[in-house]
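Contents: one structure, followed by commentary.
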Amino acid sequence: MDRVREKLAAARRVAVITGAGVSAESGVPTFRGKEGLWRNFNPMELATPEAFERDAKLVWEWYDWRRELLAKCQPNPAHEALAQLEEVTPHYLLITQNVDGLHALAGSRAVIELHGSIWRLRCTREPFREWEDRTTPLDPLPPQCECGALARPAVVWFGEYLDPANFERIEAFFSAGAPDVVLVAGTSALFPYIQNWAFHATQTGGMLVEVNPEPTPVSDIAHVTLMGKAGEILPKLIREG
Ligand code: OAD
């Protein structure tokens, strides 16, 4: 813990990768935990283009339920610590897989929402037409674009491509200079691109730090794994701004 705190305090370039575990202490269910179930559906069965094609109303009911739940959630000390880390780090990028918007609410600014945002909707007819809507519950359900077409959540579903612009921003951050620290917190790190960015740190001389109560594929390559809750560990790693 002390080693990481010192390293972060001296770091000039830091990349942070977060997942659902960082929002768990705000009351947001993780994807793969058992509290992620809704009406006995596994999120992995609902967050797909095929599920939406089959039954858009059902998928929207699930999103509407999550939006109502998230509207009541506040950032926790993990989000706050990361916002503080950004304040004291000259070159900082936070890559989150979370769609809840809690990092921004805590004050983080350099955030890439890799999997989109649950607060944004997109037209199914004209995919470049996207807008923010924080209404809960949504009415009508399923919601529509102003052109009359069905709207969908502006999130990345299983089997869909990530926004290439996000990839470019991340690659640009890594190629502008080797990160002193890559911090991976609260993610099961099952996606290859998450593992690759984490691996990048170990290849360029940076310190790879993981914060998670459970082991993940990143644990095998991390220099330091701090096993525990993000809301308890992250605040201890960040010096006051
Ligand atoms: P998961 O639900 O797969 O994993 C949550 C991780 O958080 C697990 O490794 C837990 O051990 C850990 N965890 C739980 N409580 C924690 C706490 N208090 N502090 C720190 N860690 C904690 O969620 P993600 O890794 O975010 O993608 O999942 C990645 C992606 O898969 C999601 O963005 C979503 C999902 O299916 C899409 O929808 C495309």
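Just a few scattered comments:
- With respect to the conditions (1) touching a Lys or Arg at 6+ places or on another chain (Cβ under 9 Å); (2) open to solvent by less than 50 Å² (accessible area, probe 1.4 Å); (3) at pLDDT 95 or above, Pro43 lacks only one, and its number is (3).
- The one condition from (1) open to solvent by 50 Å² or more (accessible area, probe 1.4 Å); (2) under 18 Å from Glu50 (Cβ atoms) that Arg152 does not meet is (1).
- Hey, Pro217 within 18 Å of Ile112 (Cα to Cα) and in contact (Cβ under 8 Å) with a residue 24 or more places away in the chain or not: no
- Residue that is nearest to the ligand (Cβ to nearest atom) [pool: residues in the stretch 89-126 that are small (Gly, Ala, Ser) and under 23 Å from Ala151 (Cα atoms)]: Gly116
- Close pairs (7 angstrom Cβ cut-off, 6 or more residues apart or separate chains): farther than 16 Å from Gly19 by Cβ in the stretch 72-89, among the small types (Gly, Ala, Ser) and assigned to a helix (DSSP H, G or I) anywhere: Pro77/Gly231; Glu80/Ala106; Ala83/Ala106
- Spans of strands (runs of 3 or more DSSP E) in the stretch 85-147 with at least 3 residues at pLDDT 95 or above and of a type outside the set (A, V, I, L, M): 91-96, 116-123, 130-132
- The lone exception for Arg134 - which of (1) of a type in the set (D, E, K, R); (2) surrounded by fewer than 16 Cβ atoms within 10 Å (Cβ to Cβ); (3) out of contact with any Phe, Trp or Tyr (no Cβ under 6 Å at 6 or more places or on another chain) it fails: (3)
- Residue check, Ala201 outside any strand (DSSP E or B), away from the ligand (no atom under 16 Å from the Cβ) and crowded, with 20+ Cβ neighbours inside 10 Å: yes
- Qualifying positions in the stretch 169-194 - more than 16 Å from the ligand (Cβ to nearest atom), of a type in the set (Gly, Ala, Ser) and outside any helix (DSSP H, G or I): Ala176, Gly177, Ala178
The values are calculated or read from the model by the stated rules, or taken from the named source; none is laboratory data. From a predicted model like this one, the values you see are computed outputs, not experimental measurements. Note that we place each Cβ from the backbone using ideal geometry, even for glycine, and neighbour counts take in every protein chain shown. Only protein heavy atoms, including side chains, enter the accessible area calculation; ligands, DNA and RNA are left aside. Shrake-Rupley method; radii C 1.70, N 1.55, O 1.52, S 1.80 Å.
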